[in-house]
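First comes the structure, then the notes that go with it.
The values are calculated or read from the model by the stated rules, or taken from the named source; none is laboratory data. Keep in mind the model is a prediction, meaning the values are calculated, not measured. Cβ placement follows ideal geometry from the backbone for every residue including glycine, while neighbour counts extend to all protein chains displayed. Each accessible area value is taken on the protein alone, full model and side chains, heavy atoms only, with ligands, DNA and RNA left out. Shrake-Rupley method; radii C 1.70, N 1.55, O 1.52, S 1.80 Å.
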Amino acid sequence: PRLCVVGSGPAGFYTAQHILKHHGGARVDIYEKLPVPFGLVRFGVAPDHPEVKNVINTFTQTARSERCAYYGNVTVGRDVTVTELRQAYHAVVLSYGAEDNRVLGIPGENLPGVYSARAFVGWYNGLPENRDLKPDLSCETAVILGHGNVALDIARILLSPLRLLRKTDITDSSLAALACSKVKRVWLVGRRGPLQVAFTIKELREMINLPGTRPVLNPADFTGLENAVKDAPRPRKRLTELMIKTALEKPAEKTVAQAAAMQGAPPREWGLKFQRSPQEVLTTADGRRARGVRMALTRLEVRAHGGGLVWPWQGWGWSRMPCRRGLAARRVRSPVLVQARLLCACAGLYCSGWVKRGPTGVIITTMNDSFDTAQSVLEDLQVGVLDVTASREGFGAVESILRSRGVRPVSFSDWEKIDAAEVARGKAAGKPREKIVDPEEMLRLIGH
């Protein structure tokens, strides 16, 4: 069987890996719109979390398999259609993730000074489409809308000492911008309460222990929560207990190392604001830029619904948060497809990752989801849902289509040349790598 995967992020590679491991004759081609592979592992994982990027080693082994091929610089839907892929392969798996922002739908969200988390993360991680973002960091206060790990990632990058960031693969232009940043205070704002935060304890602990910064948590926000989490699952209980401890901790209780790190410069600070829902981005007097965010204060109500509990939020007042930079750490949008097998006129079309379940979870979530999709493909091969008696040309057919449209794919060996160049540039600067952010420069480097 000849199979193809659209998208070379974790979902795509894990799907390919599982199929190749459990079917000794299958051949899998992976298509990617950028010249470089690995998706959110390269462009979404925070630069100061290099250990998370170690999965690239596994993906590289998959790509080097004799029964796997990588074709970058190919945009499905433009250079080749899904219909054409389905004619060339026995099965097509869509794993291209979420490629658009989910709008808040409030006045002023398009003002200069308001950035989506997707764009901001893409900017400091070298995503080509965000390389010209140029966020204005000339203010002292930034507001991040969201209480997830991405929100904490952004806050950490904004407040981290440059000496730490210089050792990462953050882009050189982003590092230069952060060196000139005036931001010294970050508020992370969420619609719900402390018991509903979406970040994990590892990321929270990193923020609490970030050198040169101090957390500002209101003890009143955590009143009575010790009893509320007694019977909660252990991860939620530990997370809440850490927030309570941090809120009640007095400055004198900080460790000697933390105190030493705070000396010599005014400390930066960050804090969590709960039960606030954004209603409007306020403008400067000339109407040209963001100057603050108007919030609705919310309360949590519990009611029975369909055998379960829902947690609706209702506004009952207003709050204003002055700032000149707003970062919306909200989800990105994708056409959410909830089944591995797509309901269509013909068999052979599948999906995995964020395009299947929405932009949620971490890499291991995507791994398990992708293995599940791959297993669906294998089952359909076994029971004959996929007709492999009919010969399919695979890339041979696609190559002719791409050539006729003037498209030259990038192979995995081409990517390895780009990779080597990035590592060499990074070594010269004392970094793991210096990412090339211009696709045209990547193509020139490999002689395209």
Of all the residues that make up segment 397-418, how many are charged (D, E, K, R) and open to solvent by less than 40 Å² (accessible area, probe 1.4 Å)? 1
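Which one of Val143, Val74 is in contact with a Pro (Cβ under 6 Å, 6 or more places away or on another chain) and open to solvent by less than 20 Å² (accessible area, probe 1.4 Å)? Outline the logic, then answer.
On the way: Val143 fails: in contact with a Pro (Cβ under 6 Å, 6 or more places away or on another chain).
The conditions single out Val74.
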Filter pass, Pro211 being in a loop (DSSP other than H, G, I, E, B), within 24 Å of Ser138 (Cα to Cα), open to solvent by 20 Å² or more (accessible area, probe 1.4 Å) and touching a residue at least 24 places away in the same chain (Cβ under 8 Å): yes
Among the residues that make up segment 155-166, is at least one of them open to solvent by less than 10 Å² (accessible area, probe 1.4 Å), touching an Asp or Glu at 6+ places or on another chain (Cβ under 8 Å), β-branched (Val, Ile, Thr) and in a helix (DSSP H, G or I)? yes
Being open to solvent by less than 20 Å² (accessible area, probe 1.4 Å) and under 22 Å from Trp270 (Cβ atoms) is the filter here, so list the residues in segment 226-243 that pass it. Leu239, Thr240, Met243
In the same structural domain as Arg27 (by the TED database), farther than 30 Å from Ala198 by Cα and free of Cβ contacts under 8 Å to residues at least 24 places away in the same chain: does that describe Thr365? no
Out of all the residues in segment 342-386, which are farther than 23 Å from Gly39 by Cβ and exposed (fewer than 14 other Cβ atoms within 10 Å of the Cβ)? Leu343, Cys344, Ala345, Cys346, Glu379, Gln382, Val383, Gly384
Identify, from the list Leu94, Leu111, Leu127, the residue that is out of contact with any Asp or Glu (no Cβ under 9 Å at 6 or more places or on another chain), assigned by the TED database to the domain that holds Ser277 and open to solvent by less than 40 Å² (accessible area, probe 1.4 Å). Leu127
Yes or no: segment 53-71 includes at least one residue that is in contact (Cβ under 8 Å) with a residue 60 or more places away in the chain, open to solvent by 10 Å² or more (accessible area, probe 1.4 Å) and within 19 Å of the chain's Cα centre (by Cα). yes
Residues being in contact with a helix residue (DSSP H, G or I) (Cβ under 6 Å, 6 or more places away or on another chain) and closer than 24 Å to Asp153 by Cα: count how many of those fall in segment 222-235. 1
So Leu327, is it farther than 22 Å from Phe120 by Cα and at pLDDT below 90: no
Can you confirm whether Lys33 is among the basic types (Lys, Arg), within 23 Å of Phe120 (Cβ to Cβ) and open to solvent by 20 Å² or more (accessible area, probe 1.4 Å)? yes
So the check is Cβ under 6 Å with 6+ separation or different chains; which pairs have a first residue in segment 144-170 that's over 19 Å from Arg214 (Cβ atoms) and a second one that's among the aromatic types (Phe, Trp, Tyr) and assigned to a loop (DSSP other than H, G, I, E, B)? Gly148/Phe199; Asn149/Phe199
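Any chance segment 104-117 includes a residue that's assigned to a helix (DSSP H, G or I), more than 17 Å from Ser370 (Cα to Cα) and not hydrophobic (A, V, I, L, M, F, W, C)? I'd like the intermediate steps shown before the answer.
Within segment 104-117, the first condition is being assigned to a helix (DSSP H, G or I), and the residues that meet it are 117.
Going one step further and asking which of them are more than 17 Å from Ser370 (Cα to Cα), we end up with 117.
Next, only the ones that are not hydrophobic (A, V, I, L, M, F, W, C) stay: none.
No: zero hits.
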